[in-house]
Number of protein chains: 2
Amino acid sequence: MQTHFTIDCVVYSFFEGDLQVLLTERNEYPYKDWWALPGFFVGNLEEMEDAVKRISYELTGLKDVFMEQLGAFAGVKRHPQGRILTVAYSTIVRYDDVKSQIKPVTDYMRQAKWFPVKELPELAFDHKEIIDKSLQKLKSTVNYSTAVYELLPEKFTLTQLQQVYESILNKELDKRNFRKKIANLGFLKELPEVQKGVSYRAARLYKFDKRKFQKSFGVE
Amino acid sequence: MQTHFTIDCVVYSFFEGDLQVLLTERNEYPYKDWWALPGFFVGNLEEMEDAVKRISYELTGLKDVFMEQLGAFAGVKRHPQGRILTVAYSTIVRYDDVKSQIKPVTDYMRQAKWFPVKELPELAFDHKEIIDKSLQKLKSTVNYSTAVYELLPEKFTLTQLQQVYESILNKELDKRNFRKKIANLGFLKELPEVQKGVSYRAARLYKFDKRKFQKSFGVE
DNA sequence: TCAAAAGTGTTGTGCATACACCCATGC
DNA sequence: GCATGGGTGTATGCACAACACTTTTGA
């Protein structure tokens, strides 16, 4: 058989202390006026990875770094107009770089907006299920992937890093134990700089050292 | 766009001390005479999970137990006649139940045959890549899934269990440490029976206790 | 009695957890 | 000087790795 074939992106970012997901407000039937994952049809000769890049680029103006396929969703009833197979991917963009640039570029959607994963609106299609699965995967791989570092600016404090872990794992972590663990991993490079513009003791800044990461996990 | 849409199954079994994969010999172009994963087109109103069940049933006469989606493969060039999107699944059948029943049921393939994963022939399409990815996933989840027990007969010895682990992880394990670990997990029920028909000391038989497994990992 | 595999304990190491106080800074 | 978050150490338990010998059985 033949089927329509789309890509849906779970685009993550991190700001205001929360893990956030980018959603679009649909301007077309079905599910007109509902919030949905940004998704598009894939071009005839377009590789899926390129389609994901294109979609996050068109929506955010940025090149994505982290990209992971989540799986195919093809329930016969997932789309009211007949089966449409979608392949879900997750991507991550740095909020600092993208802040003021989020805007929809097609007529299919009215606006794009970040939502904290803790407070998602009701979603079109099976997109809630897709996000749940994506979060579950993110959670289970958080220790072995670069995702947390893609979510942070290039230079970050240990407290920021801990906040990212906490919002992905959805639980609080002990500060001392967390720092011990991170120090053990040895992926971070301590910078000779500290935070600026805070009205309390400025925190040390760190940088992710990708080479050391790859040494630990075997280059992939 | 629209695309053709198939399911490919990585069907595992375990015998002769090795993890084995079921392959079919193609009788049609493209890749006529090549070995390939058993795969079929999905029916218009057929759910993917049902298609997987149907395929493993048609090839082995058995109902599969373990089933896991691996992901979508949709490279523009993966099929010489234009893009065909395939969703790969892995399934497991018990060799004891299936031994003498493997036979192809369509004209598209000449025969079905088990191959040890250590000695695969050259494969059609991107099926090597699919198997590699599936093995990698099996490896990384072996401790948290029921897969190993689906690969064994209902009653099994600890040595058999260890062999399954070893062939999935592709490395040798220490007997004492392995047994300690398994005992700790607490999923196994010791039976009042021992092995029969061996010319050396008969080993104790065990059974997998699914309820205890689910208690440990939270029912899913 | 021999061959083959079954079965069994101890020790060291590293990692996760629990837990509370002083320090530096800007205002 | 005070409010705010930054930064630090120790003790315990558990999972994992290394390592070798005795026991049981059938032939």
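The values are calculated or read from the model by the stated rules, or taken from the named source; none is laboratory data. Everything numeric here is computed off the predicted structure, so don't read it as measured data. Here the Cβ is made from the backbone with ideal geometry for all residues, glycine too, and neighbour counts use every protein chain on show. Ligands, DNA and RNA are excluded from the accessible area calculation, which covers all protein heavy atoms including side chains. Shrake-Rupley method; radii C 1.70, N 1.55, O 1.52, S 1.80 Å.
A few remarks follow.
- Note on region B:154-217: Cα-only Rg and Dmax are 12.5, 39 Å.
- Region A:162-203, accessible area per residue, ligands and nucleic acids excluded (1.4 Å, Å²): 76 Å²
- Of the DSSP H helices in chain A, not one has a Cα length along its own long axis of 24 Å or more together with a mean Kyte-Doolittle hydropathy reaching -0.5.
- Alpha-carbon Debye profile of region A:4-141, log10 I(q)/I(0) at 0.13, 0.21 Å⁻¹: -0.50, -1.47
- Cα centroids of region A:1-27 and region A:146-206: 26 Å apart.
- Of A:K181/A:K215; B:K175/B:K196; B:K139/B:K196, pairs whose Cα-Cα distance is over 19 Å: B:K175/B:K196; B:K139/B:K196
- Inter-copy separations for B:K113, label at 7 Å along Cα-Cβ, nm, ascending: 6.1
- Among the residues of region B:23-47, those with an accessible-area drop of 40 Å² or more from chain alone to full protein complex, heavy atoms and 1.4 Å probe, are B:N44, B:E47.
- Result for chain B in a Gaussian network model with C-alpha springs under 10 Å: among B:F178, B:F40, B:F14, the largest mean-square fluctuation is at B:F178.
- Top positive-direction residue, dipole computed over region B:154-217 with Cβ charges, set B:S167, B:T157, B:S199: B:T157
- Applying the criteria of a DSSP loop state and at most 10 other Cβ atoms within 10 Å to the trypsin sites (Lys or Arg not before Pro) of region A:189-220 yields A:K196, A:R201.
- Computed per residue of chain A from DSSP H runs no shorter than four, each worth -39500 (n - 2.57), the mean residue ellipticity at 222 nm is -9000 deg cm²/dmol.
- Placing +1 on the Cβ of every Lys and Arg and -1 on the Cβ of every Asp and Glu, with nothing else charged, gives chain B a dipole about its Cα centre of roughly 960 debye.
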